[in-house]
Amino acid sequence: MKHVHIINAHQFYEGISEGALTRTLADITKTFCEEKGYSYSMTNIEEEYTPEKEVDLYVKADYVVLHTPVYWFNTPWIHKKYVDEVFNVGLATGKLLKDDGRTRKDPSKNYGTGGLMQGRKMTMVTSWNAPEEFSGNGNQYLLSGKTADDVMYNVGVNYRFCGFEVLPQYHCFNVIKDPQVKKYVNEYRQHLENHLV
């Protein structure tokens with residue numbers, strides 16, 4: 001039986017970002033798992049977690065699904081804290097990775113290949129105030145043609161460093177000025193069908 005570890009990285013800001021969409025999409029992930037006969041675990045970073053337990057959940061998982069809003073072109077700071085704590089325990093215990101992949105004989109080669117999570121996969125589900133047109137559009141000033149995936153690349157690298165395969169991401173755009181929850185839900189269900197099977 002496949003196991004999915006669901007992470008809710010939402011950080012509450014009253015009147016700005018209260019977490020309803022992130023919870024809704026995380027609940028869809030749980031429902032998808034139930035429909036497919038997968039087991040799942042879920043961590044709400046804002047509530048409480050134990051780094052050692054999180055490491056064990058990563059080891060158990062076939063898939064990790066990170067649900068997060070995008071604040072200032074990154075995940076909330078509580079997610080960075082979570083990554084530092086959990087991945088450092090994963091290194092210290094030798095459960096997520098053994099080292100950075102280099103050898104003393106040639107320390108310039110293979111950096112980032114010491115992970116032990118090969119065969120496991122992760123995906124990100126993000127929500128943005130930005131409109132979809134800002135992503136991948138060379139005529140838009142801010143990203144100059146780069147995409148939302150490019151902006152979130154650093155988050156996936158943490159997982160790649162541990163050996164995970166990073167799957168395509170799903171982004172919800174314009175969630176404050178023009179939320180399209182029905183559209184997000186339908187597209188996200190299809191994203192799960194395409195990537196978590």
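Values as computed for the structure displayed
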item: Residues ASP100 and GLU187, FRET efficiency given R0 of 41 Å [Cβ-Cβ distance, rounded to 0.05]; result: 0.65
item: Highest-first arrangement of 87-100, 11-24, where packing means the average Cβ count within 10 Å; result: 87-100, 11-24
item: 222 nm mean residue ellipticity, helices alone, for the chain (DSSP H n ≥ 4; -39,500 (n - 2.57); rounded to 500); result: -11000 deg cm²/dmol
item: Between segment 154-190 and segment 70-129, the Cα center-to-center distance that results, in Å; result: 18 Å
item: Extent along principal axes [Cα atoms of the chain; Å; largest to smallest]; result: 54, 41, 32
item: Ascending count of other beta-carbon atoms within 10 Å, so fewest first, for HIS67, HIS10, HIS3; result: HIS3, HIS10, HIS67
item: Label point at LEU142 placed 7 Å out along Cα→Cβ; residues across segment 1-22 whose backbone nitrogen lies under 20 Å; result: 10-22
item: Average Cα contact separation per residue, segment 136-197, under 8 Å, 6 or more apart, as relative contact order %; result: 18 percent
item: Packing-based exposure ordering (other Cβ within 10 Å, fewest first) of TRP72, TRP128, TRP77; result: TRP72, TRP77, TRP128
item: Beta bridge orientation in segment 3-195: antiparallel %, DSSP, nearest 5; result: 10 percent
item: Förster radius 45 Å - calculated FRET efficiency between GLU133 and SER39 (Cβ-Cβ, nearest 0.05); result: 0.70
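Taken together, the values in this text are just the output of simple stated rules run on the coordinates, not laboratory data. Every value quoted in this text rests on a predicted model; they were computed, and no experiment measured them. Ideal geometry is used to build each Cβ from the backbone, glycine not excepted, and the neighbour counts take in all protein chains shown.
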